[in-house]
Amino acid sequence: MSTLHPVVAEVTQRIVERSRPGRDAYLARIDAARGEGTHRRQLSCGNLAHGFAACGTDDKAALRGTVTPNIGIVTAYNDMLSAHQPYERYPELIRRVAREAGVTAQVAGGVPAMCDGVTQGRAGMELSLFSREVIAMSAAVALSHDMFDAALFLGICDKIVPGLMIGALSFGHLPAVFVPAGPMPSGISNDEKTAVRQRYAEGKASRAELLEAESASYHAPGTCTFYGTANSNQMLMEIMGLHLPGASFVNPNTPLREALTVAAVRRAAAITALGDDYTPLGRMVDERTIVNGVIGLHATGGSTNHLLHLVAMAAAAGIVLTLEDFDALSGVVPLMARVYPNGRADVNHFHQAGGMPFLIGSLLDAGLLHGDVRTVWGQGMDAYRSMPALNAAGELSWNKVEASADLDVLRPASEPFRADGGLRVLKGNLGRAVIKVSSVPGDRLVIEAPAVIFHDQDDVKAAFDRGELDRDFVAVVRFQGPKAIGMPELHKLTPTLGILQARGHRVALVTDGRMSGASGKVPAAIHVTPEAIDAGPLGKLRDGDIVRLDVIAGTLEAKVDAAEWATREQVHADLSAHHVGMGRELFAPLRNAVGAAASGASVFRVHDRHHAADV
């Protein structure tokens, strides 16, 4: 293993020093929660009888005692989401394997799991980001019975894994293993799908044609195969040591997938406080683990949603992660993968090329990953260089991955697609924003053009249809932040702006909303903080103001006279229509309590007094 890169070491040390007060308080809290023996031994007889009343005879007998660990299952199963449908039969499998391992397991509770792919562009999308907080609280409710000595978390998609992580870290005295279900098999090519989408946006394809293409892409149980937030989640769980090695991208309903689930149960049983390898989540996930997650995000060109989620997850462990940390690491971590929307391949092709084992091994060899962290599989990341397989006897084994099988999809750190991670922080008189440029053409890294102001993504498409946008401009879509309307993703903008850029126009997006892993070739300054509704500078912009987005200089500015800018009044927007219907009225307390995007857009503010990102 190579010497750790000095920038990785420096950033990690800054995080450690910045986080010390909150981290020390967090560790003291989870250490106090550990207790002695099984957790259920603290329950009264009436409490305990309620906890095992519905169990079978053998499980009841085990749960009556004080020496058998009990594993809690927190599941995001529903059969509307393709990614989560395979979890339907997991509890039965987990309980059987647990008994074979001499422990017990119970479904502790379920958490909601919504799909941004279904709610995209709809009112329900305005609940999406806040569903992360609801999931975290639901996970806490599930584990609040104090019946469990470890937990298995079944979740895949966008807000679900971050929410489960936040909830799990609030019970950081418990070991936790995250159990994936894997991606669906590949459907039609991403080029074919994108072509139909763009033809539909231009009125050249029918709805029936578009639906046929989408159905051929999203077609089976498993995660969608493009590299958005869901698959970025899986990458993170593996590179942070919360999955078993190589487990992230094995397809559902296969013998190998089941064998990995069996191994995850056995591992959870082995790392409780009742054994010799106690691995509490809150101590396992430390500053080095968080830095490894950021490095994985950069190396794979992962979802920009994790500029929110990783910050919020870190805060749940008492760790203060800032946008400047992402920026500094992006400068030294190379882009090693090209997966749609940053390339033509999908996650199945990535996995077949060597996937996470090759990526992790190459990063370790380059000194770009903390190799000495603790994981659910044991000490150190070296085991994560290996890919799981079933041997001739049908037994689970791991084989070290030495080389990429497809250099068009996955390259070593020494020969990357680009020398940096392609993510920058932008600052200027419009606030602070982030931009992902791993797919942005080199001649589009600086855009200076007149602003065209919108307060709804649908208005951009309407203006396009009227022929008003066939020119150079910066689309400013404001009042999209977490306090305003819950920070929905703005995927509807991607085809429209992509068409205009393809026509040769110099266009860009500036918004206090989100674009997720589906942001691509059009420069997009997103997560602008402070947001417009919170007296953010975007509220001062007017149509025709010249906006300069400069990735090279790291600036985002309105080219307006400073004296005029200082006295210009804020524009206000009537957002009342976004605050009722589709359950949105129930989320008013979350909109009112949410923090800034730069500090994770979280309603959990316990560590804010230590959080430099709010400054």
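The values are calculated or read from the model by the stated rules, or taken from the named source; none is laboratory data. Note that the coordinates shown come from a computational prediction; the quantities given were computed from them, not determined experimentally. Counting neighbours? That spans all protein chains shown, and the Cβs are built from the backbone with ideal geometry, glycine included.
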- prompt: In the range 544-575, how many are over 23 Å from GLU468 (Cβ atoms) and among the small types (Gly, Ala, Ser)?
  reply: 5
- line: Checking GLN120, GLN106 in turn, the sole residue that is assigned by TED's automatic domain parsing to the domain that holds ARG41 and touching a His at 6+ places or on another chain (Cβ under 6 Å) turns out to be GLN120
task: Check whether at least one residue in the range 1-16 is among the hydrophobic types (A, V, I, L, M, F, W, C), at pLDDT 95 or above and either in contact with a His (Cβ under 7 Å, 6 or more places away or on another chain) or assigned to a loop (DSSP other than H, G, I, E, B) (or both), and report yes or no.
output: yes
field: Residues satisfying the stated conditions in the range 474-501, i.e. touching a residue at least 40 places away in the same chain (Cβ under 8 Å) and more than 22 Å from LEU590 (Cα to Cα)
entry: VAL474, VAL476, HIS491, LYS492, PRO495, THR496, GLY498, ILE499, GLN501
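This table checks each residue for (1) of a type in the set (Phe, Trp, Tyr); (2) under 28 Å from the mean Cα position of the chain (by Cα); (3) outside any strand (DSSP E or B).
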| residue | (1), (2), (3) |
| --- | --- |
| VAL452 | no, no, no |
| ASP459 | no, no, yes |
| ALA463 | no, no, yes |
| GLY467 | no, no, yes |
| ARG471 | no, no, yes |
| VAL476 | no, yes, no |
| PHE479 | yes, yes, yes |
| LYS483 | no, yes, yes |
| HIS491 | no, yes, yes |
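Can you tell me which residue in the range 186-202 is farthest from VAL339 (Cα to Cα), limited to those that are exposed (fewer than 15 other Cβ atoms within 10 Å of the Cβ) and touching a helix residue (DSSP H, G or I) at 6+ places or on another chain (Cβ under 8 Å)? Steps first, answer last, please.
Looking only at the range 186-202, we keep the residues that are exposed (fewer than 15 other Cβ atoms within 10 Å of the Cβ), and these are 191-192, 195, 202.
With touching a helix residue (DSSP H, G or I) at 6+ places or on another chain (Cβ under 8 Å) added as a condition, the list becomes 192, 202.
Working: GLU192: 15, GLU202: 26 Å.
Selected residue: GLU202.
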field: Flag if ASP346 is in contact (Cβ under 8 Å) with a residue 40 or more places away in the chain, buried (at least 22 other Cβ atoms within 10 Å of the Cβ), of a type in the set (Asp, Glu) and not assigned by TED's automatic domain parsing to the domain that holds LEU497
entry: yes
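Residue-wise test of (1) closer than 18 Å to GLY600 by Cβ; (2) modelled with pLDDT of 95 or more; (3) touching a His at 6+ places or on another chain (Cβ under 8 Å); (4) among the hydrophobic types (A, V, I, L, M, F, W, C).
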position: GLY301; (1), (2), (3), (4): no, no, no, no
position: THR304; (1), (2), (3), (4): yes, no, yes, no
position: VAL311; (1), (2), (3), (4): yes, yes, no, yes
position: ASP325; (1), (2), (3), (4): yes, yes, no, no
position: LEU335; (1), (2), (3), (4): no, yes, yes, yes
statement: Per the filter on the range 184-215, residues among the aliphatic types (A, V, I, L, M) and under 17 Å from MET80 (Cα atoms) are MET184
- prompt: Conditions: (1) over 28 Å from ALA259 (Cβ atoms); (2) in contact with a Lys or Arg (Cβ under 9 Å, 6 or more places away or on another chain). SER206 meets all but one. Number of the miss?
  reply: (2)
query: Does the range 90-106 include one or more residues that are at pLDDT 95 or above and in contact with a Gly (Cβ under 8 Å, 6 or more places away or on another chain)?
result: yes
- request: Output the number of the condition that LEU407 fails; it satisfies all remaining conditions of (1) out of contact with any His (no Cβ under 7 Å at 6 or more places or on another chain); (2) assigned to a strand (DSSP E or B).
  value: (2)
- line: Filtering the range 96-123 down to residues that are under 20 Å from the mean Cα position of the chain (by Cα) and under 18 Å from ALA76 (Cα atoms) yields GLY110, VAL111, PRO112, ALA113, MET114, CYS115, ASP116, GLY117, VAL118, THR119
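The rows are residues; the columns are (1) β-branched (Val, Ile, Thr); (2) closer than 16 Å to ALA269 by Cα; (3) assigned to a helix (DSSP H, G or I); (4) not assigned by TED's automatic domain parsing to the domain that holds PRO252.
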residue	(1), (2), (3), (4)
ALA28	no, no, yes, no
ALA32	no, no, yes, no
GLU36	no, no, no, no
GLY51	no, no, yes, no
CYS55	no, no, no, no
LEU63	no, yes, yes, no
ILE71	yes, yes, no, no
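Looking for whichever is farther than 19 Å from SER397 by Cα, part of a loop (DSSP other than H, G, I, E, B) and either in contact (Cβ under 8 Å) with a residue 40 or more places away in the chain or not acidic (Asp, Glu) (or both) here; the options are ALA220, ALA195. Which one fits?
ALA220
Taking the range 468-486, which residues are surrounded by 19 or more Cβ atoms within 10 Å (Cβ to Cβ) and either modelled with pLDDT under 95 or charged (D, E, K, R) (or both)?
First pass over the range 468-486, keeping only residues surrounded by 19 or more Cβ atoms within 10 Å (Cβ to Cβ): 469, 473-486.
Those that are surrounded by 19 or more Cβ atoms within 10 Å (Cβ to Cβ) and either modelled with pLDDT under 95 or charged (D, E, K, R) (or both): ARG478, LYS483.
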Filter result for ARG132 (basic (Lys, Arg), in contact with a helix residue (DSSP H, G or I) (Cβ under 6 Å, 6 or more places away or on another chain) and modelled with pLDDT under 95): no
message: Is it the case, given these coordinates, that ASN233 is out of contact with any strand residue (DSSP E or B) (no Cβ under 8 Å at 6 or more places or on another chain), at positive phi and either touching a residue at least 60 places away in the same chain (Cβ under 8 Å) or surrounded by fewer than 20 Cβ atoms within 10 Å (Cβ to Cβ) (or both)?
response: no
- prompt: Which fully enclosed strands (runs of 3 or more DSSP E) of the range 84-183 have 3 or more residues being surrounded by 24 or more Cβ atoms within 10 Å (Cβ to Cβ), hydrophobic (A, V, I, L, M, F, W, C) and in contact (Cβ under 8 Å) with a residue 12 or more places away in the chain?
  reply: 150-154, 176-178
- request: Inspect the range 5-20 for any residue being surrounded by fewer than 16 Cβ atoms within 10 Å (Cβ to Cβ), out of contact with any helix residue (DSSP H, G or I) (no Cβ under 7 Å at 6 or more places or on another chain) and farther than 30 Å from PRO334 by Cα and give the result as yes or no.
  value: no
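Going through VAL452, VAL460 one at a time, which residue ends up being without any contact (Cβ under 8 Å) to a residue 60 or more places away in the chain, more than 24 Å from GLY302 (Cα to Cα) and either touching a Ser or Thr at 6+ places or on another chain (Cβ under 6 Å) or among the β-branched types (Val, Ile, Thr) (or both)?
None of the others qualify; the one that does is VAL460.
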- prompt: Where in the range 263-351 are there helices (runs of 4 or more DSSP H), lying wholly inside it, with at least 2 residues that are over 15 Å from the mean Cα position of the chain (by Cα) and more than 27 Å from ALA596 (Cβ to Cβ)?
  reply: 281-284
message: Just to be sure I understand the filter: pairs with C-beta atoms under 7 Å, separated by 6 or more residues or on different chains, first member in the range 295-322 and assigned by TED's automatic domain parsing to the domain that holds GLU238 and at positive phi, second member polar (S, T, N, Q) and not in a helix (DSSP H, G or I). Which pairs pass?
response: GLY301/ASN342; GLY301/SER438
